[in-house]
Amino acid sequence: MIFTLLLLLVPILNAVLLFRDRTRPLYVKLVAVISNIALIGFACWAIMDQHPHPKESGVIAYAVLILLTPILSLIAILAGRANKV
């Protein structure tokens, strides 16, 4: 249930942080970073827990997408790209 909530809420938090004004308090950025790290951890746990993976064609693409999304969001947040959008 926590993994599902993270999958739904973390991208929303990232979008709000990246596309709103620059005057965000530091704790909002910190919450976004921690939630992205938690999402990466839960995604790795879910991928390992499902081994052997189903033989469906989209499993690898889904796993890669689930892992790349918070990683790219972290890079954007930490690099300060939110200020240039």
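No lab work stands behind these numbers, since they all come straight from the coordinates. Fair warning: this is a prediction, and the values are worked out from it, not measured in the lab. Ideal geometry is used to build each Cβ from the backbone, glycine not excepted, and the neighbour counts take in all protein chains shown.
Here are the numbers for the structure shown:
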| quantity | calculated |
| --- | --- |
| Label corresponding to Kirkwood radius over Cα pairs in Å when calculated from the structure given, among (1) 13.7; (2) 14.2; (3) 12.8 | (1) |
| Cα long-axis angle, helix 2-19 against the chain (0 to 90 degrees, to the nearest 10) | 30 degrees |
| Most fluctuating residue given options Leu65, Leu18, Leu26, as computed from a GNM of the chain linking Cα atoms under 10 Å | Leu26 |
| Contour minus Cα-Cα distance for Arg20 and Glu56 (0.36 nm per residue) | 9.1 nm |
| Estimated FRET transfer efficiency (Leu30, Met1; beta-carbon r; R0 35 Å; 0.05) | 0.90 |
| Selection from Ile40, Val28, Val10, by position along the positive dipole direction of the chain (Cβ) | Val28 |
| Label-to-label distance, nm, for residues given as Leu8 and Ile75 (7 Å Cα→Cβ offset) | 2.9 nm |
